[in-house]
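Taking it in order: structure first as structure tokens, then the write-up.
The values are calculated or read from the model by the stated rules, or taken from the named source; none is laboratory data. All figures in this text were calculated on a predicted structure; none of them were measured in a lab. Because the Cβ atoms are built from the backbone with ideal geometry, glycine has one as well, and the counts that use them run over all protein chains shown. What goes into the accessible areas is simple: the full protein's heavy atoms, side chains included, and nothing from ligands, DNA or RNA. Shrake-Rupley method; radii C 1.70, N 1.55, O 1.52, S 1.80 Å.
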Amino acid sequence: MRRFRQADWDEPLIFELSRPGRVGFTPPKAEPEVCDAAGDIEELVPQNMLRREPPHLPEVSEVMVVRHYIHLSQMNYGVNSGAFYPLGSCTMKYNPIINEVLASNPGLTELHPEQDESTIQGVLEMMYQLKSWLLEITGMDDGTLQPAAGAHGEFLGCLLIRAYHEDRGEIDVRREIIVPDSAHGTNPASAMMAGFKVVEIPSREDGCVDLEALRSVVGEQTAGMMLTNPNTLGIFESDIVEIARIIHEAGGLMYYDGANLNAILGRCRPGDMGFDIVHLNLHKTFSTPHGGGGPGSGPILVKEFLSDFLPVPTVERGEEGYYLSYDRPKTIGRIHGYYGNVNPMLKAYAYILSMGPEGLKEAAEISVLNANYIARKLMKVRGITLPRAPERPRKHEAVLSASEMERETGVRTLNIAKALLDRGLHAPTVYFPLIVPEALMIEPTETEPLEALDAFIEAIEEISEIAYSKPEEVLSAPRNTAVGRLDEAKAAHPKTLCLSWRMYRERFGGD
Ligand SMILES: *Cc1c(COP(=O)(O)O)cnc(C)c1O
């Protein structure tokens, strides 16, 4: 296991490396004929848009710039340079490097959004094929690849719910979207942004939707319900068919948050569970890391009756090849300027193609096996419990709690997370979902070998032992990271938060 001392991390800011007059790169002068044709730059740019003083940029030589950023990148935790990465829900699933190589093909990266369709048949075919596979995987009828993130897809999904009720003349009455209290925070936010009122319902003891609570809020004011299945506790909603029936009988639509689909790939489909709209995060389940340094991809897939409302353009196949179609009379419009997020689409395409139906199913099975292995082992660790129906199996992730440890030793989930960082491991998602106190949300994924799971379990066992014998040691973690314990109040307060070198200088002086 890789361990560091804090002293290893002594990297100045790039502004502190700056020396007047030092230059890293000099752009070539434009050819005289180009300059002459364009005219003088100071005359071309309107006066009020010209800078009055030069920008405050660091003056650094080329090699210093390279070293600086390489050092910074080494201070980061990488799934390839570090170890286990159990960040529940948002974790990186399987990201084969060959997909990164494919997606960096200049044939893809150099495409221009205004290029003629006849010259981009390959990428259009890829998008068309990808959509058809996603429809098959989810059990839906039609869809769009436009949204550039999961939350973006949710927002579009809510706009589709609105358009559907508007079309039926019911939107003035159907103002409410129902969301369980275990939902991802983006769900209520997306519904609000689409103009709906969010009605939150409590979860049952086992973390599933409370049918009585659901029946009590459903009515003619219901526009729809947003649900994740398996839910954020990693538990499968076994009443899903009944839930969908209750919503549909009231005239509402069922929305499926499929950000993390890996537990059910090839095993069951939201379309068969009764959902009308589905979003997927290609940048989680289908081979692009979440936060992969570029746009994501949050396709929306719908049942036939919502097809007319989808945003334009969609990729279609005609006699002469593939083309972008604007023919959706009831379309809600565009949700994204161009398909600039084609890169994660290609990775998802390559992933599905190389895994095949059997491979996807196997990924689902191993992700569930790994999550249950970890949950069963960790619930036996002193101070750690598996709240909410511990007898029920989990799907791709499990939410444990350290509230017993906190009561008995003062060591909280946050301290455990910091102590994991000291051991060269990434922390799980903490304090989410909100319905579990002192939550540790662990998603091992299907890619980790048994030894990696055991090393993580051993680290938690070791931290628990220390918490019960010398708690101050865990309370003062981390000691081996680039920065120690952050002052969370200062880091969030507008008076002390500095997001740029200039803000820092204005606040605290100095050069
Ligand atoms: C990650 C996630 C989202 C949001 O996806 P973004 O691409 O980050 O906007 C929504 N729901 C769930 C359950 C998620 O895990």
When residues of the range 278-303 are limited to those that are more than 22 Å from residue 353 (Cβ to Cβ) and away from the ligand (no atom under 14 Å from the Cβ), the one farthest from the chain's Cα centre (by Cα):
303
Considering every residue within the range 269-277, establish whether at least one is closer than 22 Å to residue 151 by Cα, open to solvent by 30 Å² or more (accessible area, probe 1.4 Å) and within 15 Å of the ligand (Cβ to nearest atom).
no
Give the residues of the range 452-474 that are over 13 Å from residue 425 (Cα atoms), open to solvent by 50 Å² or more (accessible area, probe 1.4 Å) and either polar (S, T, N, Q) or under 30 Å from the mean Cα position of the chain (by Cα) (or both), sorted by residue number.
461, 469
Look through the range 68-101, keep the residues that are open to solvent by 80 Å² or more (accessible area, probe 1.4 Å) and closer than 28 Å to residue 458 by Cα, and return whichever of them is nearest to the ligand (Cβ to nearest atom).
94
Looking only at the range 242-268, which residues are part of a strand (DSSP E or B) and either more than 16 Å from the ligand (Cβ to nearest atom) or in contact with a Pro (Cβ under 7 Å, 6 or more places away or on another chain) (or both)?
253, 256, 258
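Is it fair to say residue 402 is among the small types (Gly, Ala, Ser), in contact with a Lys or Arg (Cβ under 8 Å, 6 or more places away or on another chain) and in contact (Cβ under 8 Å) with a residue 24 or more places away in the chain?
Numbers: among the small types (Gly, Ala, Ser): yes; in contact with a Lys or Arg (Cβ under 8 Å, 6 or more places away or on another chain): yes; in contact (Cβ under 8 Å) with a residue 24 or more places away in the chain: yes.
Against the criterion (among the small types (Gly, Ala, Ser), in contact with a Lys or Arg (Cβ under 8 Å, 6 or more places away or on another chain) and in contact (Cβ under 8 Å) with a residue 24 or more places away in the chain), residue 402 qualifies.
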Which helices (runs of 4 or more DSSP H) does the range 102-212 wholly contain that include 1 or more residues that are more than 16 Å from the ligand (Cβ to nearest atom) and outside the structural domain of residue 252 (by TED's automatic domain parsing)?
106-109, 121-138
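Right, residue 41: more than 36 Å from the chain's Cα centre (by Cα) and not acidic (Asp, Glu) or not?
Numbers: more than 36 Å from the chain's Cα centre (by Cα): yes; not acidic (Asp, Glu): yes.
So residue 41 passes the test.
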Where the second residue is of a type outside the set (Val, Ile, Thr) and exposed (fewer than 14 other Cβ atoms within 10 Å of the Cβ) and the first is under 30 Å from residue 444 (Cα atoms) and lies in the range 55-83, which pairs have Cβ atoms under 7 Å and are six or more apart or on separate chains?
83/1
Hey, among 110, 154, 200, which residue is open to solvent by less than 40 Å² (accessible area, probe 1.4 Å) and charged (D, E, K, R)?
154
Where residue 462 falls short, out of the listed (1) in contact (Cβ under 8 Å) with a residue 60 or more places away in the chain; (2) under 30 Å from residue 373 (Cα atoms):
(1)
Based on this model, can you work out whether residue 339 counts as in a strand (DSSP E or B), within 27 Å of residue 123 (Cβ to Cβ), in contact (Cβ under 8 Å) with a residue 60 or more places away in the chain and in the same structural domain as residue 275 (by TED's automatic domain parsing)?
no
Hits in the range 437-474 - residues which are of a type outside the set (D, E, K, R), modelled with pLDDT of 95 or more and not in a helix (DSSP H, G or I)
437, 439, 440, 441, 442
